[in-house]
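What follows is a set of notes on a single structure, which appears directly below.
The values are calculated or read from the model by the stated rules, or taken from the named source; none is laboratory data. Fair warning: this is a prediction, and the values are worked out from it, not measured in the lab. We place every Cβ from the backbone using ideal geometry, glycine too, and count neighbours over all the protein chains shown. Protein only, heavy atoms only, side chains kept; ligands, DNA and RNA dropped before computing areas. Shrake-Rupley method; radii C 1.70, N 1.55, O 1.52, S 1.80 Å.
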Amino acid sequence: MMAGATSATAAAGAFAAGTKPRGSASACPWVVAAGGRRRSGVVRCDAGGDAQAVAKAASIAALEQFKISADRYMKERSSIAVIGLSVHTAPVDMREKLAVAEELWPRAISELTSLNHIEEAAVLSTCNRMEIYVVALSWNRGIREVVDWMSKKSGIPASELREHLFMLRDSDATRHLFEVSSGLDSLVLGEGQILAQVKQVVRNGQNSGGLGKNIDRMFKDAITAGKRVRCETNISAGAVSVSSAAVELALMKLPKSECLSARMLLIGAGKMGKLVVKHLIAKGCTKVVVVNRSVERVDAIREEMKDIEIVYRPLTEMYEAAAEADVVFTSTASESLLFTKEHAEALPPISLAMGGVRLFVDISVPRNVGACVSDVEHARVYNVDDLKEVVEANKEDRLRKAMEAQTIITQELKRFEAWRDSLETVPTIKKLRSYADRIRASELEKCLTKIGEDNLNKKMRRSIEELSTGIVNKLLHGPLQHLRCDGSDSRTLEETLENMHALNRMFNLDTEKAVLEQKIKAKVEKTQS
């Protein structure tokens, strides 16, 4: 397991020993169907008007109490955190209960940022992970609220969730995202699909306006890190994807002498399915049957990949196609099972030459094939968690490549932290300049009044105004230079913050309290709307 995965797993163990979260989400939880499967679409709680009014009043009361306690929160900087679970920490049956479809990310972000102590949020939900990135006004209270939201969304008790969740804070959280984007935390080291999924979080956030300043910049820097790692190291050389690992696993389970003659069926012609076809070609397969809702995607794959015979079957013929297949790959977005024990029992047996067992390789999350299918004598199911058998090979080489990539990640991490540190002094810079400009404008007005408007032409007036502005700028240059914290000089963050606090005291700027009150006010207004 890579550095990020190791730290995440360790954090999961520490978190499991914690106390039960007590926070409550202000938004209604998402309804989860029996057995933990999500129904199609998002459904709000069916609460009466009185109950909603009570919940809203309670949320506003909590925020008002938060405002009263502002001095306590001023001592704590807003924290970046990631709370989640992945293939390294949780089984697929738990991950699928927490999975959030891409079209529902904006709704999830809206609900998360409605929590009392969460300023910004992003959701990264894939077949191998479900991670929530937040900026929290208060670390402890923010984490409790997010865990409570996850528990209500999935129907999984918080105590059970804590056994599999990992939590990372600030630089550790940022490093984790950079490692994820670089493919270091993937089940398959260096796989490229995760970078595309991180990019999609940014695109989705831009389209919905859901990402805040810190989260947006962190994800964009993570994309930069991911690109650099792939360009400047050979981590992607020979790297496999989830799809290629699925093909490799299927061929491992088939008799070696019959691998290329096995009848292959693919259900789902999306991105993952297309990669399955690509890797079947690489392994020497000459024919695959593809079941899909529409023929257009299959035709597109057929047009691109000329080295294999692709036979299209509509979704209505899925079970007939499965009856004629030795290996069934499933890769669809269906939220309900396509194959259950009853379906597998109804399929005819496989020839002994093929081992007498029909293989189901399910790379979908939520799963398309029920685990109970393996109870059928002539069927076996493998899901994404079973791909570890393939990717454990060449572990030493994987770790060496990961160490090379860490140097680049550290460089990008320093750039992001320097940018975020610079935000600390922005309110003070703005207030100090505003304070100086108010004095300049006031004194300039007095001066112009004494001289008299009749004694000044436009050129003279402009010259006096420019003189006053120049004096203020030169006086502010030194103090503002000592508030710079962008990594461009040797000044430490601690020194810069000391300078900031000194200027706040000298000019009575009170920026920290003003910024916090502004955040609290925005929270109250959002809750009341």
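Quick look at the numbers
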| item | result |
| --- | --- |
| Selected residue (criterion: modelled with the lowest pLDDT) from residues of the stretch 405-433 that are under 24 Å from the mean Cα position of the chain (by Cα) and acidic (Asp, Glu) | 421 |
| Top-ranked residue of the stretch 93-126 - restricted to ones that are in a strand (DSSP E or B) and touching a residue at least 60 places away in the same chain (Cβ under 8 Å), ranked as surrounded by the fewest Cβ atoms within 10 Å (Cβ to Cβ) | 119 |
| Neighbours by Cβ (under 7 Å, 6+ apart or cross-chain): first from the stretch 414-436, crowded, with 18+ Cβ neighbours inside 10 Å; second of a type in the set (Phe, Trp, Tyr) | 432/507 |
| Helices (runs of 4 or more DSSP H) wholly inside the stretch 263-346 that include at least 3 residues being touching a helix residue (DSSP H, G or I) at 6+ places or on another chain (Cβ under 7 Å) and more than 18 Å from residue 367 (Cβ to Cβ) | 271-282 |
| Pair list, Cβ < 6 Å and 6+ apart or interchain, from the stretch 326-337 residues that are within 18 Å of residue 262 (Cβ to Cβ) to residues that are aromatic (Phe, Trp, Tyr) | 328/360 |
| Count of residues meeting criterion [open to solvent by 40 Å² or more (accessible area, probe 1.4 Å), at pLDDT 75 or above and not aliphatic (A, V, I, L, M)] in the stretch 389-404 | 2 |
| Per-region count, the stretch 208-228, residues more than 19 Å from the chain's Cα centre (by Cα) and either buried (at least 21 other Cβ atoms within 10 Å of the Cβ) or among the aromatic types (Phe, Trp, Tyr) (or both) | 0 |
| Residues of the stretch 127-143 that turn out to be among the aliphatic types (A, V, I, L, M) and either assigned to a helix (DSSP H, G or I) or farther than 25 Å from residue 185 by Cα (or both), as a count | 2 |
| Top-ranked residue of the stretch 127-149 - restricted to ones that are open to solvent by less than 20 Å² (accessible area, probe 1.4 Å) and at pLDDT below 90, ranked as nearest to residue 333 (Cα to Cα) | 128 |
| Residue check for residue 371: small (Gly, Ala, Ser), in contact with a strand residue (DSSP E or B) (Cβ under 7 Å, 6 or more places away or on another chain) and under 22 Å from residue 278 (Cβ atoms) | no |
| Selection count where residues are more than 17 Å from residue 414 (Cβ to Cβ) and acidic (Asp, Glu), scope the stretch 204-234 | 1 |
| Test: residue 336 is farther than 15 Å from residue 273 by Cα and open to solvent by 10 Å² or more (accessible area, probe 1.4 Å) | yes |
